[in-house]
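Working notes, structure below.
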Amino acid sequence: MPEDYTDASDESLVEAAKEGRTRAFDELFLRYQRRIYSVIYHMTSNHEDADDLLLETFAKAYRSLKRFQGRSRFYTWIYAIAVNLTLNFLRKRKRRTNLSLDELDPEGLENHPLLEDTSLVGDTLRRLHTYEIQEKLNKAFQMLSEDHRAVAIMHDVEAMPHAEIASILGVSEGTVRSRLFYARRQLQGILGDILR
Amino acid sequence: MKFKSRTTSPEASQAEAEMLELVKLKRLESPGGQYFANTLDRLHERQRREMMQASSSRLFLDRLEALFQSMTPRRWVAVGSVAYASLLAVGMLSLQWSGTGGSHSPSMPPLAPVSIENPQSAAPEQGVRVEVRHTPVLSAKEAAQRASVDRELTPETPGPHPEQEPETP
């Protein structure tokens, strides 16, 4: 009978995976794949790249699991692997070629509740085609530097606290706040024409 | 270090809030519903492929790493002691080896090296005597001159005259 890890804690799953029980690692993958995919996708704005980096992140985590000492949460640890792999990938891609808009993901925001909203954002959503908004958002994020983008995605999109971002990126909280300030200012400038 | 907060006008704050609302729309971007259905299978496939592609040296390093990680302090002490004893044994053997002058038996005294430039370098008490004879190389002209001098110096020996016919029995 296969072991059921559905209710197991992350810590016990990590210990079981370290002992060679692959089902425990599968459970960790199923638990966190969506959130890891999300941050990678928002940083790359490309589904194929996000897909590849998602699998690479978990494959690397599995290989390095024995080195995971449990000083941080498993989620923070694997999140750091994902962010660092993505940042390396983006730096290589930047050297190779600039991002083409054709590469952007066409998935839409079709039934978003803000469409019923009367605020400026709701009005913007009604005025523009959802694909167009998505394209502009992705383009705006791609115009930020990799470091500023990573912080803006983690804080403003993924709603992570400053301290956790600092721990993942290996920088101080002050650096995170400073990068966030400049990223927001840049985004405001780029997205200003959408809002007005 | 505390980060100094930047003061902004109410208009700027509202613009920032609107921008943040717009940015939050990115949370709704997600791949198609079936995308996550087979990601686990693809992860397994990728891991299998990586394992197949891993070189033998990589596998050896992985096994070595696993071995080191399984080592307890007691095992480290035991391994360290064996390594130290082995090194000590090798050191003593090599000392003994160099002291006996290589492959000769311990009963034979070691021989001193002989230099051609300085034949006396051979130890005289060992009864080794080396003589170096220099044979000068003469040119054809010098050889002819030396032959004529030799003929003049050596007494003539009776021999058959070139024009005399040999005696017949």
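Below, the figures for the structure above:
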{"item": "Qualifying residue in region A:80-100 (condition: open to solvent by less than 50 Å² (accessible area, probe 1.4 Å), within 14 Å of another protein chain (Cβ to nearest Cβ) and at pLDDT below 70)", "result": "no"}
{"item": "Top-ranked residue of region B:46-56 - restricted to ones that are in a helix (DSSP H, G or I) and either open to solvent by 50 Å² or more (accessible area, probe 1.4 Å) or hydrophobic (A, V, I, L, M, F, W, C) (or both), ranked as nearest to the other protein chains (Cβ to nearest Cβ)", "result": "B:50"}
{"item": "Unique match (being surrounded by 12 or more Cβ atoms within 10 Å (Cβ to Cβ) and at pLDDT below 90) among A:8, A:59", "result": "A:8"}
{"item": "Of the criteria (1) among the aromatic types (Phe, Trp, Tyr); (2) at pLDDT 90 or above; (3) open to solvent by less than 50 Å² (accessible area, probe 1.4 Å), which one residue B:35 fails", "result": "(2)"}
{"item": "Residues within region B:14-45 that are assigned to a helix (DSSP H, G or I) and closer than 16 Å to residue A:139 by Cα, tallied", "result": "8"}
{"item": "Selection count where residues are open to solvent by less than 100 Å² (accessible area, probe 1.4 Å), assigned to a helix (DSSP H, G or I) and not acidic (Asp, Glu), scope region B:62-72", "result": "4"}
{"item": "Pairs with Cβ under 8 Å, 6+ apart, first in region B:19-32 and free of Cβ contacts under 8 Å to residues at least 24 places away in the same chain and at the interface with chain A (Cβ under 7 Å from one of its Cβ atoms), second open to solvent by 10 Å² or more (accessible area, probe 1.4 Å) and of a type in the set (Lys, Arg)", "result": "B:19/A:184; B:20/A:184; B:30/A:34"}
{"item": "Any helices (runs of 4 or more DSSP H) falling wholly within region A:1-67 and containing at least 1 residues that are closer than 30 Å to residue B:23 by Cα", "result": "A:22-44, A:47-64"}
{"item": "Residues that are closer than 16 Å to residue B:65 by Cβ, of a type in the set (D, E, K, R) and surrounded by 12 or more Cβ atoms within 10 Å (Cβ to Cβ), drawn from region A:62-74", "result": "A:63, A:66"}
{"item": "Qualifying residues in region A:172-196 (those that are open to solvent by less than 40 Å² (accessible area, probe 1.4 Å) and more than 9 Å from chain B (Cβ to nearest Cβ)) - the one nearest to residue A:75 (Cα to Cα)", "result": "A:180"}
{"item": "Selected residue (criterion: surrounded by the fewest Cβ atoms within 10 Å (Cβ to Cβ)) from residues of region A:12-47 that are without any contact (Cβ under 8 Å) to a residue 24 or more places away in the chain and within 11 Å of another protein chain (Cβ to nearest Cβ)", "result": "A:20"}
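The values are calculated or read from the model by the stated rules, or taken from the named source; none is laboratory data. As the structure is a computational prediction, the values presented were derived from the model and not from experiment. Note that we place each Cβ from the backbone using ideal geometry, even for glycine, and neighbour counts take in every protein chain shown. These area figures cover heavy atoms from the full protein model, side chains too; ligands, DNA and RNA do not enter into them. Shrake-Rupley method; radii C 1.70, N 1.55, O 1.52, S 1.80 Å.
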